[in-house]
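Undergrad: Below you will find the structure I want to go over with you.
The values are calculated or read from the model by the stated rules, or taken from the named source; none is laboratory data. Nothing here was measured: the structure is a model prediction, and the numbers come from that model. Note that each Cβ is placed from the backbone with ideal geometry, even for glycine, and that neighbours are counted across all protein chains shown.
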């Protein structure tokens with residue numbers, strides 16, 4: 001007499017890291033430096049570990065967006081030797097908002113003796129959007 005047994009039912013495996021984060025909870029380890037917000041970037045800039053140029057090919061950088069910022073970041077990191085994956089949600093990278101901007105793109109560059117300011121950048125951006 002032969003008996004057949006049913007295979008054990010599969011149980012869904014939790015996603016990696018699911019036990020570390022719950023929706024709405026604060027992120028436990030943000031890697032952001034402490035202190036006032038206006039000092040965080042300079043603190044992070046000088047305390048972060050540098051990547052050895054020989055190890056850059058071992059690292060993959062994921063960039064989401066193919067507009068001016070995403071494209072520039074992908075090109076710069078690719079030239080620096082990193083493996084770059086650039087993703088966009090449109091059917092083509094040429095449909096990014098930066099490409100379709102008809103009013104122009106306002107660059108936040110501070111040219112010498114140009115009297116540039118945050119106010120002027122904001123004003124030009126709003127004016128270009130009208």
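Undergrad: Yes or no: residue 13 part of a loop (DSSP other than H, G, I, E, B), modelled with pLDDT of 65 or more and more than 22 Å from the chain's Cα centre (by Cα)?
TA: Taking the combined requirement at face value, the residue satisfies it.
Undergrad: Counting only residues that are farther than 20 Å from residue 50 by Cβ and over 15 Å from the mean Cα position of the chain (by Cα), how many does region 61-95 have?
TA: Here the count works out to 6.
Residues checked against (1) more than 25 Å from residue 88 (Cβ to Cβ); (2) in contact (Cβ under 8 Å) with a residue 12 or more places away in the chain; (3) in a helix (DSSP H, G or I):
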| site | (1), (2), (3) |
| --- | --- |
| 35 | yes, no, no |
| 39 | yes, no, yes |
| 56 | no, yes, yes |
| 63 | no, yes, no |
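Undergrad: Say we look at region 108-125 and pick out the residues that are over 25 Å from the mean Cα position of the chain (by Cα) and either modelled with pLDDT of 70 or more or not in a loop (DSSP other than H, G, I, E, B) (or both); which of these is nearest to residue 65 (Cα to Cα)?
TA: So the residue we want is 124.
Undergrad: Just to be sure before I move on: is residue 45 at pLDDT below 85, surrounded by fewer than 12 Cβ atoms within 10 Å (Cβ to Cβ) and assigned to a helix (DSSP H, G or I) in the structure I sent?
TA: In short, yes.
Undergrad: Oh, and also: Out of (1) modelled with pLDDT of 75 or more; (2) over 28 Å from residue 33 (Cα atoms), the odd one out for residue 105 is which?
TA: (1)
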